[in-house]
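The values are calculated or read from the model by the stated rules, or taken from the named source; none is laboratory data. Computed from a prediction, not measured in an experiment: that's the story for all the values here. Ideal geometry is used to build each Cβ from the backbone, glycine not excepted, and the neighbour counts take in all protein chains shown.
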Amino acid sequence: MRLHGLTEEQYMAWHHDGYLVLEGFLTPEECDRYNAKMDEAFARWRASGGANPELGQLNHVEQICGIIEHDDAFLELMEHPRMMSIMRDLIGDSFVMIDNDAMLKPPKREAHTNWHRDTGSWLVVNEKPVPFMVKVFYFLSDVDYDGGCLAFLPGSVHMSNDQLPKVERQEDMPGHVRMTVKKGTAVAFHGYLYHSALNNYSDRVRRTLIYNYAPPFVRTWPGYEPSEALRAKATTNLRKMLLGVHPWVSDPKAFESEPESAASAT
């Protein structure tokens, strides 16, 4: 098969493990830019009352749901050309953005969730297994072993629910791997992968931008629907597809040229 953004080894690792770690995906300068934009967005968000959709209320973290509404830099990152090529390999030539967040995980704070899957569904499209969703974490800070890691149970995409271990304390999961990553790393994982947030025992805030992609017939999560102002910025086929302005688009040519604004995000 033709791959657009992954090597054959990465593609095989994805199907075996259910996740990919892409070190150095963002440059230090890009991380600095997104961190500054995050600080500005959180300052405005707190000043306006810090409201989130009902489904976006999480304990022990600060989270802005629908971060692409808050600055064009986040909208441009949604359509990062390299990540779009990777999504083509993982999902196909047509996919949408179903939710997106900015998250701050404060130090000395318990995890906001235990082990779970993001979805209980698998899809088959054109006789090919396709994830119901693929979530991408962009890490804008280094994450230490005890720094509130995102953690996975490798290969759990191939396990039934009855086979999944149950633990009371997140860190006690047998065989788990922690995303102890450097700033600028991107991590993509299958929605059916068993994963958890771990407790942040460190003195460092974990800073992440999170984008969730899905096949085009999956609806945007309630509360994340793009505003009319955002839809008006959908001036390319790629952005129209991602924001669901033109549903059921399957246009490989949409990936051939970058949106006009994308160059400033890369």
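Worth pointing out:
- Selection count where residues are aliphatic (A, V, I, L, M), within 18 Å of THR119 (Cβ to Cβ) and in contact (Cβ under 8 Å) with a residue 60 or more places away in the chain, scope region 50-103: 7
- LEU58 in a loop (DSSP other than H, G, I, E, B), under 17 Å from ASN100 (Cβ atoms), at pLDDT 95 or above and not polar (S, T, N, Q): no
- Sole exception among (1) surrounded by 18 or more Cβ atoms within 10 Å (Cβ to Cβ); (2) modelled with pLDDT of 95 or more; (3) β-branched (Val, Ile, Thr) for THR27, by number: (1)
- In region 82-124, the residues that are basic (Lys, Arg) and more than 17 Å from the chain's Cα centre (by Cα): LYS108, ARG109
- Considering VAL134, VAL181, VAL187, VAL177, the condition of being at pLDDT 95 or above, over 21 Å from ASP99 (Cβ atoms) and under 17 Å from the mean Cα position of the chain (by Cα) is satisfied by VAL181 alone.
- When GLU62, GLU29, GLU69 are screened for being over 19 Å from the mean Cα position of the chain (by Cα) and over 30 Å from LYS128 (Cβ atoms), only GLU29 passes.
- Within region 105-160, the residues that satisfy the criterion of being outside any loop (DSSP other than H, G, I, E, B), of a type in the set (D, E, K, R) and surrounded by fewer than 22 Cβ atoms within 10 Å (Cβ to Cβ) are ARG109, LYS128.
- Residues located in region 228-239, provided they are under 17 Å from ALA73 (Cβ atoms), small (Gly, Ala, Ser) and in a loop (DSSP other than H, G, I, E, B): ALA234
- Residues within region 15-53 that are more than 27 Å from ARG239 (Cβ to Cβ) and of a type in the set (D, E, K, R), tallied: 3
- For SER250, the criteria (1) modelled with pLDDT of 85 or more; (2) part of a loop (DSSP other than H, G, I, E, B); (3) hydroxyl-bearing (Ser, Thr, Tyr) hold in every case but one, which is (1).
- Screening HIS80 with (1) surrounded by fewer than 21 Cβ atoms within 10 Å (Cβ to Cβ); (2) out of contact with any strand residue (DSSP E or B) (no Cβ under 7 Å at 6 or more places or on another chain); (3) of a type outside the set (D, E, K, R) gives one miss only, at (1).
- Among the conditions (1) farther than 26 Å from LYS105 by Cα; (2) surrounded by fewer than 16 Cβ atoms within 10 Å (Cβ to Cβ), the only one that PRO165 does not satisfy is (1).
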